[in-house]
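The next block holds one structure in the form of C-alpha cells; read it before the comments.
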Amino acid sequence: MTRDAGFDDFLDAVEAGEPYYLESPDGETYLPPRPYDPATGRADLTEQPLPEVGELLTHTTTQIPAPQFDDDAPYVTAVASFGPVSLTGQLQQIPSDAVEIGQRVTLGVGRSATHDERVLVFSPP
C-alpha cells in the first residue's frame, strides 16, 4: 500500500495522542496534508495542537456503503468541530440512535472492517 505522507503522518500523530492542524501566518487553518496556504501560496504553515474534545456538527448513517466499506455497514459518519477546524470521521462506541448534534467526542484512529485500513473515528470522551 502506498503511504500518503501528509494524511498518514496526520493519522500517526492522532494515534500518538498528538493531533494537530496547520495555521498560516494570516490565521487561516487547515488540516494535513497541505504543504502551503492555497490563498497565498506560502509554505510557512505551522503545526498547532488540536483540541482534545470536539463537538458533533452533523451525522448520517450509511446502510448501503461504497465497496471499500461493505463489511463496515451500517456505520455513522459525522463531522465534528475541534476548535478552529472540522473533521469527518466514523462514530464508534455510540449507537446510531443515541447520536446527538452538540455531543462531545474525542478523535482517534480505527480500522475499517472491509480492508483493515486506518480511518478517523470519534468516540465519547
- Message: Condition (residue is within 19 Å of the chain's Cα centre (by Cα) and at positive phi) applied to segment 22-40: is it met by at least one residue?
- Response: no
- Message: Could you go through segment 91-109 and let me know if any residue there is surrounded by 12 or more Cβ atoms within 10 Å (Cβ to Cβ), modelled with pLDDT of 90 or more, out of contact with any helix residue (DSSP H, G or I) (no Cβ under 9 Å at 6 or more places or on another chain) and of a type in the set (Gly, Ala, Ser).
- Response: no
- Item | Residue in segment 44-51 that is under 27 Å from ILE101 (Cβ atoms), surrounded by fewer than 15 Cβ atoms within 10 Å (Cβ to Cβ), in contact with a Ser or Thr (Cβ under 7 Å, 6 or more places away or on another chain) and not small (Gly, Ala, Ser) present | no
- Here is a list of conditions, (1) in contact (Cβ under 8 Å) with a residue 40 or more places away in the chain; (2) under 21 Å from ARG118 (Cβ atoms), and ALA73 meets all of them except one; can you say which number that is? (1)
- Task: Please list, ordered by first then second residue, the pairs with beta carbon atoms under 6 Å, 6 or more apart or interchain, first in segment 83-96 and within 16 Å of TYR30 (Cα to Cα) and not assigned by TED's automatic domain parsing to the domain that holds TYR30, second small (Gly, Ala, Ser) and surrounded by 14 or more Cβ atoms within 10 Å (Cβ to Cβ).
- Result: LEU87/ALA80
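The values are calculated or read from the model by the stated rules, or taken from the named source; none is laboratory data. These numbers were taken from a predicted model, which means no experiment stands behind them. Cβ sites come from the backbone with ideal geometry, for glycine too, and all protein chains shown count toward neighbours.
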